[in-house]
Each structure stands twice: as C-alpha cells, then as structure tokens.
Amino acid sequence: MMHKGQQKEYYQAFAERNSQYDGIFFAGIKTTGIFCRPTCSARKPKPENCEFFTTIQDAMLAGYRACKRCHPLSVTGTPPDLIQSLINAVENEPEKRWKDTDISRLGLHPSTARRQFKKRYGMTFVAYARARRMGLALKSIRAGEKIIHAQIDAAYESGSGFRDAFTKILGDAPARAKNKNILKAEWLDTPLGAMIAIADEDGLYLLEFTDRRGLEREIEKMRRSLNAAIIPGTSPILKALKQELRAYFSGTLKTFRTPLKLNGSNFQQSVLSALISIPYGQTRSYKQQAIALKQPDAIRAIARANGMNQLAIIIPCHRVLGHDGKLVGYSGGLARKKWLIEHEQKHSR
Ligand SMILES: [Zn+2]
C-alpha cells in the first residue's frame with residue numbers, strides 16, 4: 001500500500017496538473033469510478049476521494065475505467081482510431097473473453113491490433129480486456145462488506161456487464177447461491193501489491209496477487225470444483241490471515257498458522273507440503289525438492305506442481321530456485337520473488 005507521504009505528494013501533483021508526473025502515477029476517482037492521468041483537465045476531487053496507482057493495470061484491477069477526457073491509456077493524448085475502437089468494444093461488452101476472430105469481426109487485423117496495443121500500453125489487448133473484466137469482478141471484493149448483498153443482487157438483476165463479469169468469475173449472486181457452498185473473498189493491500197484471499201469457515205483456499213496471469217480461470221476452476229459461490233466479505237480465517245500477513249511483512253512472523261485447504265492430486269499436495277517444510281530464510285533447488293520427495297526423476301513435474309500453488313507466500317514456492325541458484329518462474333513476477341527471498345534472509349538472522 002502506498003504510504004501517506006507518497007499519497008500526499010501525488011495528490012499535490014494531481015491538483016496542480018503537474019505534467020512531470022505523467023506516467024508516474026494514475027489517479028482513481030472513487031466517486032466516479034474512472035482513472036486519470038495527473039494532467040487531466042477535469043475538476044479535481046477531494047483528497048479522500050482519490051487513490052493512486054503506479055500502473056494502468058493496477059488501476060484497472062481495482063475496478064476503474066479510463067477517463068474519456070485525459071485518455072490515461074494513451075501516451076500521446078488521443079489514441080489512434082484503431083486503439084479507440086478496441087477500447088470502445090471492451091466497454092460495450094466488458095464481460096467478453098476476446099479472441100482474434102472477434103477482432104477480425106470489428107474489421108481490424110488481429111496481429112496489427114495486438115502489436116499496436118502492446119506498443120502503446122505495454123500490455124496486449126487481451127491483457128487489457130482481461131484486466132477490465134477482472135476489475136469489474138474484483139471491485140465488489142475490494143469494496144468488501146461495504147457492498148451489501150442486496151446491492152450485488154441488484155447489479156446482478158440489472159443485466160449489466162458487471163453481472164456477467166461477476167458471475168463468470170465469482171459465481172451466482174448471493175440470493176441465487178442457495179444450495180451452494182459459500183466462500184468469502186477479501187482484497188488485501190500488501191507492500192508488494194494487491195492480493196485476493198478466498199476462504200470458507202474452515203480454511204484458506206487461495207491467496208494470490210491480483211495481477212497474476214491466469215487468476216481468473218484459477219478462481220473459476222476452484223469455484224466449480226467446490227460447487228461454491230464466492231461473495232465479498234470477511235471471516236475469522238481471513239481476519240487471522242490479514243494479521244499474519246502484516247506480521248510477515250514486518251519481519252516478525254516466520255510460520256503461518258492459518259489453516260489451509262490444498263487442492264489438487266495427491267502428488268500435487270505432497271509437492272506443496274514439501275514446500276511448506278523449507279525453512280524461512282532458506283532456499284532449495286527443484287532437484288533438492290525432488291530428492292526430499294524421494295522422486296529424483298520428477299523434477300519437471302515438481303516444478304509444474306509448484307507453479308500450481310494457489311497460496312502465494314504462505315506456501316513458499318518463492319523459496320525454490322533454479323539449478324544454478326537462478327531466480328526462475330514465479331507467477332507473481334520475479335521482482336516479488338527476489339523481494340520475498342531477501343526479506344526473509346534479512347529477518348532470519
Ligand atoms: Zn481524466
């Protein structure tokens with residue numbers, strides 16, 4: 001989470017329309033649900049109604065959409081027609097999962113669209129559409145218990161893109177979720193970025209960074225296999241987790257006690273258990289993990305099972321390195337992996 005001083009500095013820059021901050025941060029306006037670049041000409045809201053993001057993706061995953069006045073998605077101001085038509089198409093159907101054939105149907109060449117989008121925004125069109133879709137679903141989780149179920153049900157009834165985005169990822173609205181297991185989902189701001197946690201009354205099923213690739217399908221798959229609906233909210237387990245994470249990030253907690261629910265086959269679960277046994281502050285290679293599991297030839301399968309870990313940080317897959325001690329493959333990104341390893345080494349002394 002951004003500290004107060006930073007927040008103040010950004011607000012100041014935003015209020016002054018300071019162009020030196022262009023590209024440094026994006027401002028989300030809570031009252032309107034849009035995000036702007038610092039120089040936006042629109043009237044500036046009160047500080048308590050602003051929050052700041054360092055990337056477009058983070059602003060979108062928090063549920064914001066781009067301002068039509070300052071075009072925060074475009075480096076030079078007004079985006080070219082090609083890009084604008086793609087953005088409009090997403091706004092018309094935010095719940096849609098876009099494929100190349102859909103882009104062709106808009107009269108655009110898929111590879112041109114892909115290249116142009118990537119060049120301007122550093123993310124592909126598909127990633128943009130995904131962030132928007134996820135953002136809509138995650139928005140309710142972010143609002144947490146401030147959103148009462150009746151509101152979700154109302155949004156569900158309205159036939160909006162919100163409904164479809166929400167339902168696809170999180171399942172039925174609460175009023176329709178009878179005869180289903182209910183999981184609670186909570187948004188957690190951490191020093192390494194926003195995370196989402198999903199739990200029932202007995203244990204934690206998922207803890208992931210919101211920008212993790214594949215998160216959407218991961219949540220969906222889990223929800224289906226548990227015949228569950230996911231609703232925004234908190235629970236004793238999520239409250240305990242929050243406290244533990246805070247202590248972990250401050251360097252005082254070395255062993256998590258939050259009860260976990262492990263998914264997957266027996267093999268996958270044994271790989272995850274082996275990860276939990278790597279002590280805080282230490283690292284292992286995949287090969288060492290394979291030997292510990294008495295399956296020295298299964299290095300690849302073990303690496304794959306590591307990659308399917310849905311409980312970031314708590315099941316410390318970040319403590320596994322490549323054969324020459326290299327930082328490899330972390331779903332949350334290598335920068336986070338490096339941070340976690342260094343953080344633990346610093347605090348284990
Ligand atoms: Zn704006």
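The values are calculated or read from the model by the stated rules, or taken from the named source; none is laboratory data. The structure presented is a predicted model; accordingly, all values stated were derived computationally and were not measured. Quick reminder, even Gly has a Cβ in these numbers, built from the backbone with ideal geometry, and neighbours come from all protein chains shown. Ligands, DNA and RNA are stripped out before the accessible areas are found, and what is left, the full protein with its side chains, is counted by its heavy atoms. Shrake-Rupley method; radii C 1.70, N 1.55, O 1.52, S 1.80 Å.
One table, with the values for the structure above:
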item	result
Of all DSSP beta bridges in the chain, antiparallel share, percent nearest 5	60 percent
Residue 263 long-range amide H proximity, modeled H, under 5 Å	none
Region 4-16 - phi-based ³J(HN,Hα) in whole Hz, Karplus 6.51/-1.76/1.60, Gly and Pro as x	4, x, 4, 4, 5, 4, 5, 4, 4, 5, 5, 5, 8
Computed Rg/Rh of region 1-78, alpha carbon atoms with Kirkwood Rh	0.91
Mean accessible surface per residue for the chain, computed with a 1.4 Å probe while every protein chain stays in place, in Å²	49 Å²
The chain: calculated mean residue ellipticity at 222 nm from DSSP helix runs of at least 4, using -39500 (n - 2.57)	-13500 deg cm²/dmol
Fluctuation leader among 321, 108, 136 - the chain, Gaussian network, Cα springs under 10 angstrom	108
Ratio of Rg to Rh over region 196-349 (Cα coordinates, Kirkwood Rh, two decimals)	0.95
Label-to-label distance, nm, for residues given as residue 18 and residue 180 (7 Å Cα→Cβ offset)	4.6 nm
Estimated distance in nm for a label pair at residue 81 and residue 42, the labels positioned 7 Å out from Cα along Cα-to-Cβ	2.6 nm
Residues with amide H under 5 Å from that of residue 311, placed H, sequence gap 5 or more	207
Over the chain - Rg/Rh using Cα atoms and the Kirkwood inverse-distance radius	0.98
Accessible surface of the chain, 1.4 Å probe, proportion on carbon and sulfur as whole %	51 percent
